[in-house]
There are 2 protein chains.
Amino acid sequence: MDSDMVAEVRRFNRTVTQRVGALNDHYLGGDRSLGASRLLWEIGDGRDLRSLRGTLGLDSGYLSRLLRSLEADGLVTVEADPADRRVRVARLTAAGKTERSALDRRSDGIAEMILAPLTERQRERLVAAMADVERLLRVGMVEVEAVDPDHPDARYCVQAYFKDLAVLFEDGFDGDVVLAPDMETVLVARLGEEPIGCVGMYEPEPGVCEMKRMWVHDSARGLGLGRRLLVELETLARQRGATSIRLETNRSLTSAIALYRSSGFEEVPPFNAEPHAHHWFRKQLT
Amino acid sequence: MDSDMVAEVRRFNRTVTQRVGALNDHYLGGDRSLGASRLLWEIGDGRDLRSLRGTLGLDSGYLSRLLRSLEADGLVTVEADPADRRVRVARLTAAGKTERSALDRRSDGIAEMILAPLTERQRERLVAAMADVERLLRVGMVEVEAVDPDHPDARYCVQAYFKDLAVLFEDGFDGDVVLAPDMETVLVARLGEEPIGCVGMYEPEPGVCEMKRMWVHDSARGLGLGRRLLVELETLARQRGATSIRLETNRSLTSAIALYRSSGFEEVPPFNAEPHAHHWFRKQLT
DNA sequence: GCAATTCTCTGACTAGAGTCAGAGAATGGA
DNA sequence: TCCATTCTCTGACTCTAGTCAGAGAATTGC
């Protein structure tokens, strides 16, 4: 890897942990410990402990103790979930909500302290660069996993995909027509817990894999996630022993079509009668 | 302050502390604690404890204890400075140097982990954006202080200024000619401990302040530090009851001249016979 | 209905990070 | 010379953050 790049990333790490890290440590917690504050923040309008542990990456014993201390201060209540009385749900009290908005103000304050010493033009440059850094760091955090089409995350993505299509297609889109897919596997891309992209696959005939329903969340567009899903799909198809991948698509999806072409797909005659399709592609796996 | 900007900075803080912060915490320390590792790194080729405390922001008792533990592991030696036997100087042993380069490799590794999941183009974009963020965050960390012209930092800056001039001036520059200034105050800009810019001032006649020797370190050019020094100088002049500021400058210093003009200075006839001067400026303080 | 599993909690730890109040040596200034 | 100051060290703390091993309640699968 280019050592100039590595050097710049190291410089960035250093400056950022010094400046942003120090501000966070000093101002974010307030009277409370940083961990307790973060927890307070994440609880929001009520969360079950399991998901809180997930997002914050805490040990269950530790989380319990933090909650106990917030409870003692009258900021949260923890009750059993009526649906499953093993799981418990934390909720903010009125005092907790007040505290949370104080936390909010401190976060704003930190941001303002960072912006304050700069001129307007410098602020604009900084914010633009931060947006870039943030988006690209997030790309690095995306994880792709193969799941069953019944998996809730897969269902969520496909729903989102249909919603997008309904807006995009010139002739509208009726999800019900194709809602019963033959998909065998879905690759789900997640940022942390949240699904932000997917692509489905099934094997209509031996040696041929068909790709369906590639979707990327608005917030993650333009970051190469589509290409990454395509690459991982190809790997999966190879592992299954397929010799080619095919797909059909609608003419409205121009950027997807460009992606297919630049990824080695070639347009072929129609191989099915999918109602919304205008283009059919195939890629030979070597 | 623009709330979109604040929101973006907050998003940045979150993403960066999650991604970069977590990587640092997990991989940087190695077997040693993060504090000890950072200390090891900063010692480098030998540093006195005072300056180490400054850079790392540690309590003297805590630093002492950290050094004791590194000493016990045979990584550093601490000896009295022969010049002043109260101050002690820490130096790395051979084992310490080995450990430090291992630390170096871990830092590189972290940078590579950040870059690894990206395509070449994304890497380039990330590195460019990081460089921007880093430079602008550093701007925010700059502190300006008024010191005596005898202050070592002031001397250091003026020396650096003369060195720069010797290169810039068409007809060369002999610092000795003007080495005995009448400066009364010097504003020194520092990044952490290190001086990166200055501007001097004296009062040749009642109510008139004269600006001399504005200098900004190469690494800090283009970040508006010159303008900031000028603004702070103006404030200082006002506090002293001055009604105008004047200055003379050499025609080689084009960007400085542009700065003066855009800051409200107007060219006036020569008010002195400074050998290297080609332009004279004055600004009325209202 | 019973066993395995899931979920949360408590108690008992550990290590890191840092603060604070002196003690004691060395130095500098009047 | 002597007193104030500077510099480092030690001891005695505190707090945060986190781990680990069980205990006990609720739920699920068979």
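Taking chain B as the reference, fit the longest principal axis to its C-alpha atoms, fit the long axis of helix B:94-115 to the helix C-alpha atoms, and give the angle between the two in degrees, 0 to 90, nearest 10.
Approximately 80 degrees, to the nearest ten.
Taking N as the number of residues in chain A, what is its alpha-carbon radius of gyration divided by 2.2 N^0.38 Å?
Here the answer is 1.26, to two decimals.
Take A:M214, A:M1 and sort them by solvent-accessible surface of the protein heavy atoms, 1.4 Å probe, largest at the top.
A:M1, A:M214
May I ask you to report, in nm to one decimal and beginning with the shortest, the distances from B:R68 to the same position in the other copies, taking label points 7 Å along Cα-to-Cβ?
Output for B:R68: 3.3 nm, nearest copy listed first.
Mind ranking A:Y161, A:Y260 by accessible surface for me, highest first, 1.4 Å probe?
A:Y161, A:Y260
When the Kirkwood hydrodynamic radius is evaluated over all pairs of different C-alpha atoms of region B:87-146, what value in angstrom, to one decimal, is obtained?
15.0
If you take each beta carbon of peptide B:103-112 and count the beta carbons of other chains within 10 angstrom, what is the mean?
3
Of chain A, which part is the longest with no GluC sites (Glu not before Pro) in a loop (DSSP not H, G, I, E, B) and with at most 16 other C-beta atoms within 10 angstrom?
The longest such stretch corresponds to A:1-169.
In region A:3-117, how does Rg compare with the Kirkwood Rh, expressed as the Rg/Rh ratio over alpha carbon atoms?
Over the Cα atoms of region A:3-117, Rg/Rh equals 1.09.
From the C-alpha gyration tensor of region A:141-284, pull out the three semi-axes of the equivalent ellipsoid (sqrt of 5λ each), sorted largest to smallest, in whole Å.
20, 19, 15
Could you sort B:T286, B:T93, A:T77, A:T254 by their accessible area in this structure, using a 1.4 Å probe and putting the largest first?
Per-residue accessible area, sorted high to low, gives B:T286, A:T254, A:T77, B:T93.
With the contact rule set at Cα under 8 Å and sequence spacing of 6 or more, what percent relative contact order holds for chain A?
11
Expressed in whole Å with the largest first, what are the equivalent ellipsoid semi-axes of region B:50-120 derived from the C-alpha gyration tensor as the square root of 5 times each eigenvalue?
32, 15, 11
Mind putting a number on the dipole of region A:1-128 about its Cα centre? Charges go on the C-beta only, +1 for Lys and Arg and -1 for Asp and Glu, and I need it in Debye to the nearest 20.
The calculation lands at about 180 debye.
Take every DSSP beta bridge whose two residues both sit in the protein assembly as shown, then give the antiparallel share in percent to the nearest 5.
The antiparallel proportion sits near 90 percent.
Could you give, in nm with one decimal, how far B:P204 is from each other copy of that position, shortest first, with labels 7 Å out from Cα toward Cβ?
8.8
Find out how many positive minus negative residues lie around B:E112, taking Lys and Arg as positive, Asp and Glu as negative, among other residues whose Cβ is under 11 Å from that of B:E112.
Taking every Cβ under 11 Å from that of B:E112, the sum is +2.
Evaluate peptide B:113-125: per residue, the Cβ atoms of other protein chains within 10 Å of its Cβ; return the mean as an integer.
5
Within the accessible area of region B:22-160, what % is carbon and sulfur when the probe is 1.4 Å and the other protein chains stay in place?
About 47 percent, which is the carbon plus sulfur part of the accessible surface.
Just to be sure I follow the definition: excluding the sites themselves, where is the longest run in chain A that has none of the trypsin sites (Lys or Arg not before Pro) in a DSSP loop with at most 10 other Cβ atoms within 10 Å?
A:87-286
Relative to the longest principal axis of chain B, what angle (0 to 90°, nearest 10) does the C-alpha long axis of helix B:34-43 take?
Rounded to the nearest ten degrees, it is 50.
Answer with one residue from B:S51, B:G61, B:L23: the one whose Cα lies farthest towards the positive end of the charge dipole of region B:3-117, charges on Cβ with Lys, Arg +1 and Asp, Glu -1.
About the Cα centre, the residue reaching furthest to the positive side is B:G61.
Pop out the ³J(HN,Hα) list for region B:68-85 in order, Karplus 6.51 cos²θ - 1.76 cosθ + 1.60 with θ = phi - 60°, rounded to Hz; leave Gly and Pro as x.
4, 6, 5, 5, 4, 7, x, 9, 9, 10, 10, 10, 6, 6, x, 5, 9, 6
List the residues, sorted by chain then number, that are 5 or more residues from A:V268 or on another chain and whose placed amide H is less than 5 Å from its amide H.
Amide H neighbours of A:V268, under 5 Å, 5+ apart: A:W280, A:F281, A:R282.
How shielded is B:13-25 by partner chains, expressed as the average number of their Cβ atoms within 10 Å of its Cβ atoms?
That average works out to 6.
For the protein assembly as shown, divide the Cα radius of gyration by the Kirkwood radius and give the resulting Rg/Rh value with two decimals.
1.06
With n ≥ 4 as the cut-off for DSSP H runs, can you work out [θ] at 222 nm for the protein assembly as shown, using -39500 (n - 2.57) per run divided by the number of residues, rounded to the nearest 500?
-15000 deg cm²/dmol
Could you pull out every Cys in chain B that lacks a partner Cys with its beta carbon under 4.7 Å away?
B:C209
The values are calculated or read from the model by the stated rules, or taken from the named source; none is laboratory data. Quantities reported herein were computed from a predicted structural model and do not represent experimental measurements. Note: ideal-geometry Cβ built from the backbone for every residue, glycine included; neighbour counts use all protein chains shown. Surface accessibility is based on the protein's heavy atoms, side chains included, excluding ligands, DNA and RNA. Shrake-Rupley method; radii C 1.70, N 1.55, O 1.52, S 1.80 Å.
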